[in-house]
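Asker: Structure below; questions to follow.
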Amino acid sequence: MTTRTEMIEARRPPDMRRGVVGWLRANLFNGPLNSVLSVITMVLLAMMLWPMAKWALIDADWLGSTREACSGEGACWVFISARFETIIYGFYPDPERWRVNSVLAMMTLLVAWLAIPRLPAKRWVGAFALVGFPILAYVLLNGGHFGLVEVPTREWGGLMLTLTVATVGIVGSLPIGVVLALGRRSQMPLVRSLCVVFIEFWRGVPLITVLFMASVMLPLFVPTEVEFDKLLRALIGIMFFWSAYMAEVVRGGLQAIPSGQEEAAKALGLGYWRRMGLIVLPQALKMVIPGIVNTFIALFKDTSLVLIIGLFDLLAIIRAGLTDSDWLGFATEGYVFAALMFWVFCFSMSRYSQYIERRLHTGH
Amino acid sequence: MTANNSASASSADTPMIEVEGLNKWYGDFHVLRDIDLTVGRGERIVVCGPSGSGKSTLIRCFNHLEEHQQGRITVDGVTMTQDIKRIEQIRRNVGMVFQHFNLFPHLSVLDNCCISQTWVQKKPRVEAEKTAREFLERVQIADQADKYPGQLSGGQQQRVAIARALCMRPEVMLFDEPTSALDPEMIKEVLDVMVELAHDGMTMLCVTHEMGFAKTVADRVIFMDQGQIIEQAPPETFFNNPESERTKLFLSQILGH
């Protein structure tokens, strides 16, 4: 038997290899086999990436306004820059484009305001973003009031249309999805069955079918005097379709919250909506952020499906440019640019969601 | 407080909780059988019994976390019905502490204590915070007010849970095995808080296996088995001269070593 009379002081951990060299040694060259594999991988990567970089950057032509500006050796980005305005605004009339710009600027400002934690008055800005902004954006974009020339939605297009569809889809599907998820767990049989039927119907139908139904079938069922806008019909279809997916994502989160949480809230006298709004949903939604953002990203990319009902979104407008007789043969540039645009938006959403997850972590 | 409206007849001489002919089933399983019980104001009752005897279920009926099928429960003069307004009125008067604390992990300790004051009692934030800090001080954890529950030890969490329940200024406190999920080192700090609360005259119903607590604090010990009350007596009688054979067996098992 021994007895310790002095407690051991805490010491620093032993020095590890630090810096770039240390990292390379530890991760890429920590043995003969790994060193060989690392070298082979690097050579293969270089062999693949070099031609790509040569085509897209080094040999590419950037300046000019006609196809004569392109040498034909590398990418012809002139094709994109010459059509840039169409890609952004679609067929929106030239003198009215300031309206699109103001809406885009306002949206960027609102999103930035809500996304940066340090800025104050989140509640009011959020309320404006959800209520005031959509009305304002509609009045500005569609016109027909306050001396603004009406621009019918068939003239909308390009990135502006993609963003409209994606924003409405995202902002609409989350709250509807939350309500559906709560409804599916309701004690009331009628509410529960209605929600189950709604979710299973929209989830069981392909999005393309929904869009076709909205644009082709619906007008057959409603009287001809009632005329819904084609874009509006597509928006409602997309919103309902994705809200069904959202409902199931949120339900997963609701089921992961221990029943003790709701019991404690009940014992404190909180009613159903407060229990949900203050205790259960904040925890459940935080838990399913990856799933929610996954759905948002899928929604964003699937907006390009509206091209099958004759709406010209970002991808469709680039495709339309490919058939321009002055610019034949630049399909690769067009598709690469479209992919890049979609990637930038989706990747930003993904990064932001990871940041939010870290910020909301409260150590449990 | 809105508790004292026409449905309530609370006064110093009505009992705190009155239970008559209470029966409850889970499906076909008869968990509570013909329970009659009266809890006086300021009375401190310890409920014990083997697991599955229905003791937790019984006290969870008193704030309608469990629904009963037969019998009558009256809390502070208000008779329990299916009416959600009535239930919430009772819940405002009944504080509860759970085995697994059930603190809200997304809210700070202070917010855990403020949430029901703000949303149920509609107190202004400043006042709610003042009350919260007062009770956190009482359970000796005021210095942790800005931390999140996940950063506290089990004993600290359970003390916060007690403070959270007290912030509503309840007439009666229900404890559902408050020390069963704690490490042995932390049981004492929670029991100390409960003893102090008992000395302040709070009406308490406590499901626990802490027989030392029962001996020092309880006015009455209730022993339950198979959904029924087998024996109830003051602690001296209960521990020294139990009447039923079932009670003797139970006591010999938990006090055996």
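The values are calculated or read from the model by the stated rules, or taken from the named source; none is laboratory data. Here the structure is a predicted model, which means the values were calculated and not measured. So basically every Cβ, Gly included, is an ideal-geometry build from the backbone, and we count neighbours across all protein chains shown. Accessible surface areas use protein heavy atoms only, side chains included; no ligands, DNA or RNA. Shrake-Rupley method; radii C 1.70, N 1.55, O 1.52, S 1.80 Å.
Asker: In nm, to one decimal, how far is the modelled label at A:Met341 from the one at A:Trp124, with both set 7 Å along Cα→Cβ?
Answerer: Between A:Met341 and A:Trp124, the simple spin-label model gives 3.6 nm.
Asker: Ignoring any ligand, DNA or RNA, what whole percent of the accessible area of the range B:1-142 comes from carbon and sulfur when the probe is 1.4 angstrom? Intermediate values should be presented prior to the final figure.
Answerer: Numbers: 3000 of 6080 Å².
Carbon with sulfur: 49 percent of the solvent-accessible area.
Asker: Of the beta bridges DSSP finds with both residues in the protein assembly as shown, what % are antiparallel, to the nearest 5?
Answerer: 50
Asker: Can you tally the net charge around B:Thr216? Count Lys and Arg as +1, Asp and Glu as -1, for every other residue whose Cβ sits under 14 Å from the Cβ of B:Thr216.
Answerer: On the way: positive: B:Arg44, B:Lys188, B:Lys215, B:Arg220; negative: B:Asp192, B:Glu196, B:Glu210, B:Asp219, B:Glu236.
With Lys, Arg at +1 and Asp, Glu at -1, the net is -1.
Asker: DSSP beta bridges in chain B, what fraction antiparallel, as a percent rounded to 5? Don't skip to the end; give the middle numbers.
Answerer: Values: 19 of 36 bridges.
Here the share of antiparallel DSSP bridges comes out near 55 percent.
Asker: I'd like to check one number: the per residue accessible area of chain B, probe 1.4 Å, reported in Å² as a whole number. List each step's numbers first, then the result.
Answerer: Details: 11080 Å² over 257 residues.
Per-residue value: 43 Å².
Asker: What residues does the range A:228-275 have that are buried by at least 40 Å² of accessible area in the full protein assembly compared to the chain on its own, 1.4 angstrom probe?
Answerer: A:Gln261, A:Glu263, A:Ala264, A:Lys266, A:Ala267, A:Leu268, A:Gly269, A:Leu270, A:Arg274
Asker: Using +1 at the C-beta of Lys and Arg and -1 at the C-beta of Asp and Glu, which of B:Ile162, A:Trp23, A:Phe240 has the Cα lying farthest in the positive direction of the dipole of the protein assembly as shown?
Answerer: A:Trp23
Asker: Let me ask something else. Once you place label points 7 Å from the Cα toward the Cβ at A:Thr3 and B:Asp146, how far apart are they in nm?
Answerer: 4.4
Asker: Something else about it: Pull up all non-local amide H partners of B:Glu231: gap of 5 or more, or a different chain, and H-to-H distance under 5 Å with H placed in the peptide plane.
Answerer: B:Phe223
Asker: Let me know the shape class of the protein assembly as shown, please: from the alpha-carbon gyration tensor, a ≥ b ≥ c as square roots of the eigenvalues, rounded when a/c is under 1.5, otherwise prolate if a/b is greater than b/c, or oblate. Could the numbers behind the result be given before it?
Answerer: On the way: a/c = 2.88, a/b = 1.85, b/c = 1.56.
Here the protein assembly as shown falls in the prolate category.
Asker: Which residue, B:Gly52, B:Ser153, B:Gly21, has the largest displacement toward the positive end of the dipole of chain B when charges sit on each Cβ (Lys, Arg +1; Asp, Glu -1)?
Answerer: Looking along the dipole axis, the top candidate is B:Ser153.
Asker: Taking only Cα atoms and a 10 Å spring cutoff, compute GNM fluctuations for chain B and point out the largest among B:Gln121, B:Gln228, B:Gln82.
Answerer: Sorting by GNM fluctuation, first place goes to B:Gln82.
Asker: Would you please give the FRET efficiency between A:His145 and A:Met48, computed as 1/(1 + (r/R0)^6) with r the Cβ-Cβ distance and R0 = 51 Å, to the nearest 0.05? List each step's numbers first, then the result.
Answerer: Details: r = 55 Å, r/R0 = 1.07.
After rounding, the FRET efficiency stands at 0.40.
Asker: R0 = 60 Å: FRET efficiency of A:Asn27 with B:Gln82, Cβ-based, nearest 0.05?
Answerer: Working: r = 65 Å, r/R0 = 1.08.
It comes out at approximately 0.40.
Asker: Test of understanding: in a Gaussian network model of chain A with alpha carbons linked when under 10 Å, which of A:Phe91, A:Phe241, A:Phe128 would top the mean-square fluctuation ranking?
Answerer: A:Phe128
Asker: Of A:Lys122/B:Lys147; B:Lys188/B:Lys248; B:Lys24/B:Lys248; A:Lys266/B:Lys123; A:Lys122/B:Lys85; A:Lys122/B:Lys123, which ones are farther than 29 Å apart at the Cα?
Answerer: Numbers: A:Lys122/B:Lys147 23 Å; B:Lys188/B:Lys248 27 Å; B:Lys24/B:Lys248 27 Å; A:Lys266/B:Lys123 18 Å; A:Lys122/B:Lys85 33 Å; A:Lys122/B:Lys123 23 Å.
Beyond 29 Å: A:Lys122/B:Lys85.
Asker: Further, regarding this structure: Using 7 Å Cα-to-Cβ label points, what is the A:Ala112/B:Asp183 separation (nm, one decimal)?
Answerer: Between A:Ala112 and B:Asp183, the label points sit 4.9 nm apart.
Asker: Here is a further query. What list of ³J(HN,Hα) values in whole Hz, one per residue of the range B:152-157 in order, does the Karplus curve 6.51 cos²θ - 1.76 cosθ + 1.60 (θ = phi - 60°) give from phi, with Gly and Pro shown as x?
Answerer: Those phi angles translate into 9, 6, x, x, 5, 4 Hz.
Asker: Hey, what's the range A:151-360 come to in accessible area per residue, 1.4 Å probe, Å²? Present the calculation step by step, with values, prior to reporting the outcome.
Answerer: Numbers: 9950 Å² over 210 residues.
Heavy-atom accessible area per residue stands at 47 Å².
Asker: Tell me, what is the percent relative contact order of chain A, built from C-alpha pairs under 8 Å that lie six or more residues apart? Walk me through the numbers before you get to the answer.
Answerer: Working: 329 pairs, mean separation 61.9, N = 364.
Value for chain A: 17 percent.
Asker: Rounded to the nearest 0.05, what FRET efficiency do A:Met217 and A:Asp59 give with R0 = 56 Å and r taken as the Cβ-Cβ distance? Could you check?
Answerer: Details: r = 50 Å, r/R0 = 0.89.
Efficiency at R0 = 56 Å is approximately 0.65.
Asker: I've got another one for you. May I ask for the distance between the Cα centers of the range A:333-364 and the range A:73-127, given as a whole number of Å?
Answerer: 17
Asker: Identify all lysines with a Cα-Cα distance to A:Lys230 below 28 Å; exclude those on the same chain that are fewer than 8 residues away in sequence.
Answerer: Here the lysines satisfying the reach criterion relative to A:Lys230 are A:Lys301.
Asker: If you don't mind, another one. Tell me the net charge near B:Ile229. Cut-off is 10 Å between Cβ atoms, B:Ile229 excluded, with +1 for each Lys or Arg and -1 for each Asp or Glu. Walk me through the intermediate numbers first.
Answerer: Details: positive: B:Arg33, B:Lys55; negative: B:Asp34, B:Asp36, B:Asp225, B:Glu231.
Net local charge, B:Ile229 excluded: -2.
Asker: Right, next: Hydropathy first: keep DSSP H helices in chain A averaging at least 1.6 on Kyte-Doolittle, then drop any whose Cα extent along the axis falls short of 30 Å, and list what survives.
Answerer: On the way: long enough: A:32-53 (31 Å, 1.70); A:158-184 (38 Å, 1.75); A:230-256 (40 Å, 0.93); A:331-360 (44 Å, 0.37).
Those that pass (Cα extent of 30 Å or more, hydropathy at least 1.6) are A:32-53, A:158-184.
Asker: Scan the range B:32-120 for GluC sites (Glu not before Pro) in coil per DSSP, keeping those whose Cβ has at most 11 other Cβ atoms within 10 Å, and list them by number. Show your work: numbers first, answer last.
Answerer: Numbers: sites: B:Glu43, B:Glu66, B:Glu67, B:Glu88; in loops: B:Glu43, B:Glu66, B:Glu67.
Qualifying residues, ordered by number: B:Glu67.
Asker: Could I ask something else about it? Would you compute, from DSSP H runs of 4+ residues alone, the mean residue ellipticity of the protein assembly as shown at 222 nm, taking -39500 (n - 2.57) per run and dividing by the full residue count, rounded to the nearest 500? Kindly include the intermediate steps, with their values, before the conclusion.
Answerer: Numbers: 26 runs with 319 residues, N = 621.
Value at 222 nm, helices only: -16000 deg cm²/dmol.
Asker: Pairs of alpha-carbon atoms within less than 8 angstrom and 6+ residues apart define the contacts here; what relative contact order does chain B have, in percent?
Answerer: Working: 457 pairs, mean separation 63.6, N = 257.
The normalised contact order for chain B reaches 25 percent.
Asker: Let me ask something additional. When Lys and Arg each count +1 and Asp and Glu each count -1, what net charge do the other residues less than 12 Å away from A:Ile116, Cβ to Cβ, add up to?
Answerer: Details: positive: A:Arg118, A:Lys122, A:Arg359; negative: none.
Charge balance in the 12 Å sphere: +3.
Asker: Could you work out which residue, out of A:Val39, A:Val178, A:Val165, moves most in a Gaussian network model of chain A, that is, has the largest mean-square fluctuation with Cα springs under 10 Å?
Answerer: A:Val39
Asker: Here's a follow-up. Report the charge-dipole magnitude of the protein assembly as shown in Debye, nearest 20, computed about the Cα centre from +1 at each Lys and Arg Cβ and -1 at each Asp and Glu Cβ.
Answerer: On the way: 57 positive and 60 negative charges, 157 e Å.
The dipole magnitude comes to about 760 debye.
Asker: Summed for both chains, how many Å² of accessible area, to the nearest 100, are buried between B and A with a 1.4 Å probe? Kindly include the intermediate steps, with their values, before the conclusion.
Answerer: Values: alone 12030 and 22790 Å², together 32840 Å².
In total, chains B and A hide about 2000 Å² from solvent.
Asker: A further question on this structure: Probe of 1.4 angstrom, ligands and nucleic acids ignored: what's the accessible area per residue over the range A:9-103, in square angstrom?
Answerer: On the way: 7020 Å² over 95 residues.
Accessible surface, normalised per residue, equals 74 Å².
Asker: Same structure again: State the answer as a single residue: which of B:Asn112, B:His209, B:Phe98 lies farthest towards the positive end of the charge dipole of the range B:98-229, with beta carbon charges of +1 for Lys and Arg and -1 for Asp and Glu, about the Cα centre.
Answerer: With unit charges placed on the Cβ atoms, the residue in question is B:Asn112.
Asker: Want the number for B:Lys122 to B:Ser244: 0.36 nm per residue separation, take away the alpha-carbon distance, what's left? Please list the in-between numbers first.
Answerer: Working: separation 122, 0.36 × 122 = 43.92 nm, distance 4.94 nm.
Once the chain is fully extended between B:Lys122 and B:Ser244, it gains 39.0 nm.
Asker: Could you pull out the GluC sites (Glu not before Pro) across the range A:158-260 that fall in loop regions by DSSP (anything but H, G, I, E, B) with no more than 11 other Cβ atoms inside 10 Å? Intermediate values should be presented prior to the final figure.
Answerer: Details: sites: A:Glu200, A:Glu225, A:Glu227, A:Glu248; in loops: A:Glu225, A:Glu227.
Counting only loop positions with at most 11 other Cβ atoms within 10 Å, the GluC sites (Glu not before Pro) in the range A:158-260 are A:Glu225, A:Glu227.
Asker: Work out the length of the dipole vector of chain A about its Cα centre, built from +1 on the beta-carbon of each Lys and Arg and -1 on the beta-carbon of each Asp and Glu, and round it to the nearest 20 debye. List each step's numbers first, then the result.
Answerer: Numbers: 31 positive and 25 negative charges, 392 e Å.
Its charge dipole is roughly 1880 debye.
Asker: Okay, moving on. On a 1.4 Å probe surface of the protein chains, which of B:His106, B:His199 comes out largest in accessible area, and what is the full order? Intermediate results must be reported in sequence, preceding the final value.
Answerer: Numbers: B:His106 30, B:His199 140 Å².
From most accessible down to least: B:His199, B:His106.
Asker: Hey, which aspartates and glutamates would be in cross-link range of B:Lys130, C-alpha to C-alpha under 18 Å, not counting anything within fewer than 8 residues on its own chain?
Answerer: B:Asp111, B:Asp143, B:Asp146
Asker: Let me know the shape class of the range A:151-360, please: from the alpha-carbon gyration tensor, a ≥ b ≥ c as square roots of the eigenvalues, rounded when a/c is under 1.5, otherwise prolate if a/b is greater than b/c, or oblate.
Answerer: Numbers: a/c = 3.15, a/b = 1.64, b/c = 1.92.
Cα axes put the range A:151-360 in the oblate bin.
Asker: Taking the alpha-carbon centroid of each part, what is the distance from the range A:227-245 to the range A:298-329 in angstrom?
Answerer: 19
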